[in-house]
1. Rounded to the nearest Å, what's the spacing between the alpha carbon centres of the range A:32-103 and the range B:1-68? Just the number, please.
2. With N set to the number of residues, divide the alpha-carbon radius of gyration of the protein assembly as shown by 2.2 N^0.38 Å and report two decimals.
3. Report Rg (one decimal) and Dmax (nearest whole number) for the range B:1-57, counting Cα atoms only, units Å.
4. For the modelled label position 7 Å from the Cα of residue A:381 along Cα-to-Cβ, which residues of the range A:350-371 have backbone nitrogen atoms closer than 19 Å?
5. If contacts are Cα pairs under 8 angstrom and at least 6 residues apart, what is the relative contact order of chain A in percent?
6. At a 10 angstrom cut-off on C-beta neighbours, averaged per residue, how do the peptides A:143-152, A:287-296 rank from highest to lowest?
7. Give the residues of the range B:57-100 whose amide nitrogen is closer than 11 Å to a point set 7 Å from the Cα of residue B:108 in the direction of its Cβ.
8. Report the extension gain between residue A:75 and residue A:253 in nm, rounded to one decimal, defined as 0.36 nm multiplied by the number of residues separating them, less their alpha carbon distance.
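Just so you know, all these numbers are worked out from the coordinates, no wet-lab data involved. Fair warning: this is a prediction, and the values are worked out from it, not measured in the lab. Note that we place each Cβ from the backbone using ideal geometry, even for glycine, and neighbour counts take in every protein chain shown.
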């Protein structure tokens with residue numbers, strides 16, 4: 001996405017995650033913030049005075065601070081949009097209009113601009129006015145109802161799938177529109193209008209397909225597979241491991257890996273459906289057998305026999321694993337104060353990219369305004385909010401403003 | 001993506017989901033299957049003899065059946081690839097080479113082809129040979145360790161986030177490469193090499209950011225918010241509802257909506273941190289208060305006061321809701337036998353698109369071979385596997401082959 005300029009009017013999670021991905025592919029992402037800044041800047045915990053929540057998904061962007069309530073601020077935004085390829089925003093429907101950025105305004109400012117919006121429920125319809133958080137769309141969509149312990153309560157998915165799915169679909173929509181515009185010369189580009197709710201449905205296509213076409217109501221299943229076993233976590237002498245087999249063809253090989261050839265011919269376990277019927281008995285046997293050795297021992301046996309398996313890692317064990325090192329899961333990012341912070345690398349990061357820390361509020365205001373042709377006193381007037389204001393503001397706030 | 005031809009050598013979930021999205025944006029997706037077909041075709045449950053699992057994510061594609069072990073089948077595949085823009089595959093690393101589709105082969109066959117691969121752990125590295133299912137990457141990545149009941153066991157996320165995140169990132173990577181190729185005239189396109197594992201890390205960027213930069217090890221939290229309350233499900237006289245507020249600024253408005261202005265000035269609840277400290281007391285009070293009326297009553301009050309809220313829907317309630325109807329969550333798809341099935345509509349579906357049912361195995365073999373310039377006896381020899389063979393095969397199999 002080198003050479004693509006993205007004007008980023010987003011805050012908190014879904015929008016910034018989308019523009020983080022665009023930046024990781026080389027786009028010039030300009031984050032436009034009001035003097036208060038993206039509210040995620042005040043989300044705890046902090047490291048070196050920077051919100052970790054904010055820093056993770058705002059890397060490799062530039063920040064311009066504009067008072068978007070003022071006429072001058074709006075004009076500067078419009079000047080910026082005139083040079084841009086993409087506008088992304090995740091404000092409530094209608095708010096954009098108050099910035100002089102209605103669909104009609106934008107067509108006038110920059111007829112070739114790709115416009116993308118992320119909201120809880122889309123730009124139109126009976127819910128468009130409603131505020132939404134991740135947990136709201138997880139609850140409304142049914143997502144919570146298929147997650148959690150077997151037979152237990154509907155449980156929020158432990159990361160913000162409501163926001164992140166929307167971010168991924170928006171990224172797809174934006175690049176698709178750019179392709180239409182620049183490779184196919186499409187005359188008129190419909191805006192990308194992403195609803196967090198609709199993205200949840202898309203993640204649950206299988207659950208809804210089974211309901212509509214087979215009458216099955218999916219429910220929380222814990223870590224079990226609906227129709228295969230072994231296919232879940234098991235205890236060992238130390239840590240839990242997951243073992244998963246594709247069906248009867250893998251069963252004898254698994255028994256060999258476990259040193260239990262007797263089980264391969266046990267009539268309770270030979271056929272897939274019998275094994276499923278006798279899952280509790282099987283799990284008791286497997287559990288006591290696996291407890292005789294360490295997870296390391298069993299994993300090396302299972303790997304040797306090409307049985308899909310893994311330790312059930314937690315954040316700490318994975319973060320410190322050779323695996324994370326080898327696969328370059330994380331990037332070192334040098335902050336403005338010279339310290340090094342560590343964040344997840346996007347799986348679609350440009351080869352060899354050196355990541356830049358998330359910008360301070362308005363860090364690039366002057367630079368960007370100069371690029372736009374503003375000079376001297378105009379720049380001074382427009383970039384009223386300095387870095388020190390920002391830090392001062394931040395240090396007073398220690399409580400989250402609804403990140404999840 | 002109209003005018004883009006995608007050769008789809010994928011099976012089961014991650015790859016087909018990616019090409020489902022490409023097809024929903026108008027790409028011509030040609031699913032190439034061996035005579036046995038995508039193994040997902042045999043995944044239960046079935047409706048009208050079609051695997052629902054398969055049907056959901058293979059809509060709007062064409063199927064060509066080729067014996068890829070034969071010289072002729074490989075030649076036909078290569079002829080097809082010569083006409084294509086994109087190849088997507090999710091075979092284990094190296095398998096592609098045996099089809100005469102190594103990186104070098106593909107450069108010779110079609111130097112402008114965008115190549116994308118999805119595997120558990122990427123094309124290179126110490127794990128590249130390992131088989132993976134969704135639950136394996138969920139366990140290995142730490143995803144399970146941040147999902148589940150508060151204080152409870154690591155729990156698999158209730159939908160296949162391991163596969164679906166990979167599908168979304170692959171889709172992004174593919175369109176980005178097409179953009180580079182067709183809009184930026186990039187001379188050499190690196191393959192899109194997506195690892196399911198790396199996509200899980202990307203979904204968990206916040207958990208890893210908090211570990212590395214603040215020493216916090218995220219764990220299953222149930223449906224609670226780590227630092228805000230109310231921000232979880234609550235009981236009512238009938239169904240649970242989720243209420244979420246952004247902080248102290250919303251608290252008095254929530255108390256008003258609930259008809260409990262006394263709570264707005266209760267010193268245990270006024271400040272965010274006090275409310276968090278007294279969460280159990282607060283939940284007891286809220287619980288008994290909310291149980292006095294139905295979910296419908298409370299939701300209408302909360303919505304009136306602009307408090308983010310929702311019923312905790314399940315698959316059935318959502319499927320039959322006015323909401324789903326209004327937002328066109330689902331598409332009716334007419335099958336080859338004339339019956340109508342219902343599936344989730346992709347959130348990035350082309351406006352006005354009429355969805356086509358997933359193809360039978362080899363349904364378009366002749367049509368596609370003819371397009372490629374094959375004639376008469378060649379076509380007959382190549383399209384050996386007829387529809388009836390496929391149905392016959394399928395009806396004998398009733399057990400899953402590891403879909404999740």
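1. Each part reduced to its Cα centre gives a spacing of 40 Å.
2. Its radius of gyration relative to the 2.2 N^0.38 Å reference: 0.94.
3. In Å, with Rg to one decimal and Dmax whole: 11.7, 34.
4. A:365-371
5. RCO, chain A: 20 percent.
6. Highest-to-lowest ranking by the protection proxy: A:143-152, A:287-296.
7. Hits in the range B:57-100 for residue B:108 at 11 Å: B:100.
8. Fully extending the segment from residue A:75 to residue A:253 adds 57.2 nm.
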